[in-house]
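Written below as structure tokens is the structure these notes are about.
The values are calculated or read from the model by the stated rules, or taken from the named source; none is laboratory data. Owing to the predicted nature of the structure, the values given are computational and were not obtained by experimental measurement. Counting neighbours? That spans all protein chains shown, and the Cβs are built from the backbone with ideal geometry, glycine included.
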Amino acid sequence: MLAKFDYIRPNTVKEAIHFLADENTVAHAGGTDLLGCLREHIFEAKTVVSLSRLRELQGIQKTKDGGLRIGALTTLTEIGEDQLVRETWPGLARAALEVASPQLRNQGTIGGNLCQKPRCWYYRGEFQCLRKGGNECFAEHGENVLHCIFGGENCFIVHPSDTAPALAALEASVHTEGPKGQRTLPVEGFHVPPRDDFTRETVLEPGEIVTEIVLPPPPVGLRSSYRKVRARRSWDFALAGVALAIVLEGDRVSRARVFLSGAAPVPWRSKEVEEIITGKPLTQEIIKSASLAVVKGARPLEQNGYKVPLFRSVMEEELQSVLHPAK
Amino acid sequence: MADSSGDGRDERGSGLTRRGFLSSMGLGALAAGASGKDLLAAGEEARSAVIKGEDATRVDLLINGRRHSLLIEPRWTLLYVLREQIGFTGTKVGCERGECGACTVLINNVSRYACLTLAIECEGAEIVTVEGLMKGEELGAVQQAFLEKDAFQCGYCTPGQVMAVEGLLRKKSDPSLEDIRHGVSGNLCRCGAYTHIFKAARRAAEIKAQGR
Amino acid sequence: MAEATRGNNAEPIPVHQTPRPGETPRLWEKTRFVGKALPRVDAYDRVSGTAVYPSDVRLPGMLYGAILGCPHPNARIKRLDTGKAKGMPGVHFLIDGTSPEADFNWSFRQSRPPKEMSIKIFDPHCRFEGDAVAAVAAETPYQARDALRAIAVEYEILPFVSDERTALQPGTPGVHAGGNLVQTEKYERGNVEKGFTEADIVLEESYRTACELHTPMELHGCVAAWEGDRLTLWESSQGVFAVQSTVAAVLGLPLAKVRVIGNYMGGGFGSKLDAGKYSIIAAVLARQTGRPVKLFLSREETYLSVGNRPPCNMRLKAGVKKDGTLTAMSFTVLATGGAYPAGGTSLVDWQVRDLYTCPNVRIESTDTYVNAGPARAFRAPGHPQGSWALEQMMDALARALKMDPVELRLKNVPAFSQAREGQPPYATTGLKQCLEEGAKAFGWKEATQKTKPPSGKDAGKGDLRRGLGMAAGLWFVGGANPPSTVIIRMFSDGSVNLNMGASDLGTGTKTVMATVAAEELGVSPQSIQIENADTGTTQYTKPSGGSKTVPTESVAVRAAAIHAKQQLLPIAAEELKVDAGDLLMRDGIIYSKTDNSRSVKIASLAGLKKVGVIVGIGTRDPDPPSKVVNPFAAQFCEVEVNIRTGEVNILRFLCAHDSGRVLNRLTYDGQVIGGVTMGIGLATTECRILDAKQTGKMVNRNWHDYKLPTSLDVPAEIVSLPLEILSPDVNHVGAKGLGEPVTIPTAAVIANAVYDATGIRVVESPISPMQLCGLLSKERKEG
């Protein structure tokens, strides 16, 4: 059960940031990930700062240029069921609806989904792993069927977010506010790979919070999608996921961004696939070589070798479905 | 320990009540180190609620249409407060980690896990538990449908399943089979009554459509 | 049998003749309530949220208990400092291995120990992760957990073994001083070598089923309260009398001083057949604090210490003649019940021994110790594991013979139990009907003969392949498990109280028993008041489990109802001046079947008012040893497999079961869909994972990482096809057990369907995308 903490519920972002700058102080948005972590005593919080009264962080709005602004406290259900998002950025809507379970989507926020802690069972369990201040990553030589095939090096988690790869593919940016002011960062690059710093998951500084996510206006011919394979059909993280944002000009791919979930400690960009398909029509040949390229450089661990054929298959399937969209 | 005043009258409005403030302060005051007591006169908008972890604070919760005024600690979950403080034991405890759905309640008409919800976060929200679906001693539509279709076995996940279906039907009154399967996909049933639950959800939609 | 009619055109309502004392009742021919799809008698309570489960109980002054579990799979406690914890806010009492108040002996297998192995409640040597180290009672559960975190324990961490496959290898750390072998059991009939030489085809394969956890929705635990020297436990339990007997024995109390109340309970599946350490600890904490104590384990704790279906390794060699006759089977089993004797290999061999006619069978089962939580019985112990091996083997044999798998099984349907001494016949054996009727209802022939989609592309859905699978099974019990006593009281107004000690696990026991009583007494099931299981007020019986409850209790209930009628009718006979044998009763009225004008309301019987209440007592005798009462099953399914990703979608399922008479069609179907859903878990998602190479700790001890099937993992409909074969040889109600048999063949059915779709024989459970994607890739010979 949860240990004691002080609770603060500010009414403005400024106040929130002020309180969050203190040590051992954590932000509570939807709370689904935070309370789970506190229950497991992965870290202790002296103070929990609730963001629930920060109205300015809520809601979805079209921007003047035809893009979209999503308040950080917008729930995943709200995003997944938003008519505009479904029509214009279906990859994001799908990703939002693939998260966890209906109740968790009703409570979990887009900001929280980007900032969530790893789901590695060593990290979440009673193991003093590297990320929790210990000396080793237990997954490297232990039970690693769910772990990463790219970018592990010293910590072999996979990033748990479904929305992050979809947002990164769509070139979304994250707006933040912190003690040092406001920042705008691309979602790609928002997450910190363990080789840079294995103690944190995002570039957020102490006291800094995500305030909104902004999607640029959709280019003509944008096709976005998200496909997730998991061990059970609800309530599960990705074994392998592919987020695509492809701009088609006729049958030719003029731009492509491809991000993977379940592959690496951060949403993993597959430049290899992008390079192969960009500027070309999606022929069977191109699709085949793209699906081979997606796992180029993969370094599977003892138990997760299946991810290599799995990513190939999912990549091929997704590119095929760009050619033959369902319905 | 808990005291519930079910009279539904409360002139203090929503939000933390005055008795509940251990300290309540605006930013300027915080910097000046002023005590919370001095700040009670200040404008509501400027204040953040600050509650110390070791203290129980008076909080009003609106549950099943009645206001409950309770002393609660910040760390207490809505699930714990419902079951062990108030005695609404229809809401069940299965995992306390958001992994089973036995504690599903509606908060502002939306299904959520009470185990991953701090009670203090629910101030000002409308909470409905399985007890709140009853009309006196008469079963609500979803409950009636679960009874008719035998959509349970041990019954321990049932209140959560019922609330998940209630939440679904409030959003979508005529759900398809796929809507239903997704709608209850956040509720485990170890007895494995799922296929009867699908039938019950359809039946519940019918009963509701008949205006019951 | 007699009939009465309601109105002019209504169906005749069956009314049952009352047998004379000592006369065995005959099977009902037509029934009024039995077998109908009637809602449960306690449905309202369960759906309204008013049913009180033990975890819902709140008593005045109640404290909350919590247990500190050992974080290591094998460790000795060197030093334990509880000083800080004792002084924490809200803490009332703390006990550990040094507390004289808690110095009690404990055995992890209370009721049927194959080998007595007694330890302490707080043993200084913890041989599995999660075993109890200390416990505390505090004002709130939060404070109890705060206190546990403040206890400082220094452990001597010992080498451990997690994997039963290495447990017996030289150099492996021993769980106990005597090594890791629990026992080896052997069974042999006929001449296996000769049998194999007679075979035209001999196949051999290794199989493994992963360790499964019960994880019922309600946590394990109880509320304990003392009144003077009497202990009351509200325990989430399948058997209040078993809990009573264990708690009394451990605490050294007279049985009469221990009352165990079941109320409702939120699922057990075998893991709540007896008391746990938590029952004892709650009782001790309550005694020492003088306050009631609620102690329920956390979900994570239940993953470690309250049982499992053991991981099981099997090798099966089977020989068959061209015509499909089985000639010989040789079966070896290696499994583990965990750190203490707990039946790791128990009944794994039963399908091989007895499901099909086979004259030559040899079995060797080796049970081992590992440093993991002790097993507890899990729905059809051993059977789904053995079925995983046997039924996949039968499928492979059928394919090798180019024979329909249904046909192959029909060739080998047994008429008697080969594995039992004297090879007694089955009272009824519905295996043939299950296979034939099930295949017909499923459309097996048509489905298997349908042309498969070409192996190339299939219009955008090129990666999806359909597959069909089937398997059969039997459950080795399913008849009586006496003793059992049931009391039916009829009050002077004609209202009826049914008093029995059997817990309703959610299987519908109360509903079914009310239905049986109602059928016999001619009143509606809803009108019968049933007591919840309670050692203080209800009658002795064995725990509900093993599919024995219906065939045991229903017979006792019917006998009690008849006994009540045998007392009531003479009273009416005297008042109506007719012979008691001429009387029938229905809807509160007793009437003469020969003279309609002679009738009386039960509520008006002066003789009944005079005695106040009629007490009908029914007991359950053992089944006659001459015949074996076993339920049989055949199940069929269709799957769709994505042959690139390894995702399996179960499209439809049909279950044909011979469990004798259906007592309530809704709860019967409930057992069927539930058993299949649980089998889907074994087949596709469930697997305990221990960090065997590093710490020996369980890594997936929660409902996220240990995956139960969700609403999206089951087919939209699971068809239940009861084959009611009624015979007085079963018992005078005609029902055999159902709960266990349903879950026995399911996993193998799915494995066979996956083979049909992919050509890959998945011999290890679960068939997850992780496993299947890798196998499919290997099959395609990708690098």
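When the residues of segment C:674-698 are filtered to those that are part of a helix (DSSP H, G or I) and farther than 20 Å from C:GLU647 by Cα, the one that is farthest from the other protein chains (Cβ to nearest Cβ) is C:GLY675. In segment C:2-21, is there at least one residue being loosely packed, with under 12 Cβ neighbours inside 10 Å, at pLDDT below 90 and under 28 Å from C:ASP579 (Cβ atoms)? Among the residues of segment C:2-21, at least one is loosely packed, with under 12 Cβ neighbours inside 10 Å, at pLDDT below 90 and under 28 Å from C:ASP579 (Cβ atoms), which makes the answer yes. Determine whether segment A:107-114 contains at least one residue that is away from chain B (no Cβ under 14 Å) and on the phi > 0 side of the Ramachandran plot. Checked against the condition, which is being away from chain B (no Cβ under 14 Å) and on the phi > 0 side of the Ramachandran plot, segment A:107-114 yields no hits at all.
Selection of segment A:1-12 for residues being at the interface with another protein chain (Cβ under 8 Å from one of its Cβ atoms), in a loop (DSSP other than H, G, I, E, B) and within 15 Å of B:SER48 (Cα to Cα) yields A:PRO10, A:ASN11. Scanning segment C:705-725 for residues that are under 13 Å from C:LEU651 (Cβ atoms), within 14 Å of chain A (Cβ to nearest Cβ) and buried (at least 23 other Cβ atoms within 10 Å of the Cβ) yields a count of 2. Pairs linking a residue in segment C:261-283 that is at pLDDT below 95 to a residue that is in a helix (DSSP H, G or I), with Cβ atoms under 7 Å and 6 or more positions apart or on different chains, are C:GLY262/C:VAL240; C:ASN263/C:PRO54.
Restricting to segment B:152-179, give me the number of residues that are under 24 Å from C:VAL719 (Cβ atoms) and more than 8 Å from chain C (Cβ to nearest Cβ). Looking only at that region, the number is 6.
Residue check: C:ARG701 meets all listed conditions (1) within 20 Å of C:GLU553 (Cβ to Cβ); (2) within 14 Å of chain B (Cβ to nearest Cβ); (3) not hydrophobic (A, V, I, L, M, F, W, C) but one, namely (1). Scanning segment C:115-134 for residues being under 23 Å from C:ASN702 (Cα atoms) and out of contact with any Ser or Thr (no Cβ under 9 Å at 6 or more places or on another chain) gives a total of 3. One residue alone among B:GLY101, B:GLY124 is away from chain C (no Cβ under 11 Å) and either over 16 Å from the mean Cα position of the chain (by Cα) or in a loop (DSSP other than H, G, I, E, B) (or both), and that residue is B:GLY124.
Matching residues to (1) surrounded by fewer than 23 Cβ atoms within 10 Å (Cβ to Cβ); (2) on the phi < 0 side of the Ramachandran plot:
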| site | (1), (2) |
| --- | --- |
| B:VAL142 | no, yes |
| B:ASP150 | no, no |
| B:GLY160 | no, yes |
| B:PRO175 | yes, yes |
| B:ASN187 | no, yes |
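Having 2 or more residues that are farther than 18 Å from A:ALA164 by Cβ and touching a Ser or Thr at 6+ places or on another chain (Cβ under 9 Å) is the bar; report the helices (runs of 4 or more DSSP H) wholly within segment A:58-119 that clear it. Give the steps one after another, and end with the answer.
Details: elements: A:76-81, A:83-88, A:90-97, A:102-107, A:110-115.
By residue number, A:102-107.
For segment C:768-783, how many residues meet the condition of being within 7 Å of chain A (Cβ to nearest Cβ) and not in a loop (DSSP other than H, G, I, E, B)? If you could, list the steps in order and put the result at the bottom.
Of segment C:768-783, the ones within 7 Å of chain A (Cβ to nearest Cβ) are C:768-770, C:773-774, C:777, C:782.
Narrowing the set further to residues that are not in a loop (DSSP other than H, G, I, E, B) leaves C:769-770, C:773-774, C:777.
Total meeting the criteria: 5.
If you go through segment C:577-603 and keep only what is over 17 Å from C:PRO14 (Cβ atoms) and either part of a strand (DSSP E or B) or of a type in the set (D, E, K, R) (or both), you end up with C:LYS577, C:ASP579, C:ASP582, C:SER592, C:ASP595, C:ARG598, C:SER599, C:VAL600, C:LYS601.
Pairs only if they're at least six apart or on different chains, beta carbon under 6 angstrom, first in segment A:132-161 and surrounded by 20 or more Cβ atoms within 10 Å (Cβ to Cβ), second among the acidic types (Asp, Glu) and assigned to a loop (DSSP other than H, G, I, E, B); list them, first residue then second. Within 6 Å, the pairs are A:GLY142/C:ASP691; A:GLU143/C:ASP691. Select from segment A:75-110 the residues that are β-branched (Val, Ile, Thr) and under 15 Å from the mean Cα position of the chain (by Cα) and write down the one among them that is surrounded by the fewest Cβ atoms within 10 Å (Cβ to Cβ). If we take residues in segment A:75-110 being β-branched (Val, Ile, Thr) and under 15 Å from the mean Cα position of the chain (by Cα), then A:THR75 is surrounded by the fewest Cβ atoms within 10 Å (Cβ to Cβ).
Residues in segment A:13-59 that are among the small types (Gly, Ala, Ser), more than 8 Å from chain B (Cβ to nearest Cβ) and within 23 Å of the chain's Cα centre (by Cα): A:ALA27, A:ALA29, A:GLY30, A:GLY59.
Residues being of a type outside the set (Val, Ile, Thr) and facing chain C (nearest Cβ under 9 Å) are represented in segment A:239-262 by at least one member.
The single residue among B:VAL59, B:VAL93 that is modelled with pLDDT of 50 or more and either more than 30 Å from A:ARG119 (Cα to Cα) or in a strand (DSSP E or B) (or both) turns out to be B:VAL59.
Residues in segment C:378-415 that are within 20 Å of C:PRO359 (Cα to Cα), of a type in the set (A, V, I, L, M, F, W, C), under 28 Å from the mean Cα position of the chain (by Cα) and assigned to a helix (DSSP H, G or I): C:ALA389, C:LEU390, C:MET393, C:MET394, C:LEU410.
The residues of segment A:301-327 that are more than 10 Å from chain C (Cβ to nearest Cβ), modelled with pLDDT of 95 or more and more than 20 Å from C:VAL648 (Cα to Cα), listed by number, are A:LEU301, A:LEU319. For segment C:261-318, a residue qualifies if it is of a type in the set (A, V, I, L, M, F, W, C), closer than 16 Å to C:GLY65 by Cβ and within 11 Å of another protein chain (Cβ to nearest Cβ), and exactly one does: C:PHE296.
Annotation for segment C:154-176: no member residue is over 30 Å from C:ALA210 (Cα atoms) and in contact with a helix residue (DSSP H, G or I) (Cβ under 6 Å, 6 or more places away or on another chain).
Scoring A:ALA72 on the criteria (1) surrounded by 21 or more Cβ atoms within 10 Å (Cβ to Cβ); (2) within 14 Å of chain B (Cβ to nearest Cβ); (3) of a type outside the set (Phe, Trp, Tyr) leaves a single failure, condition (2).
Of all residues in segment B:80-90, none are in contact with an Asp or Glu (Cβ under 9 Å, 6 or more places away or on another chain), buried (at least 24 other Cβ atoms within 10 Å of the Cβ), of a type outside the set (Lys, Arg) and more than 10 Å from chain C (Cβ to nearest Cβ).
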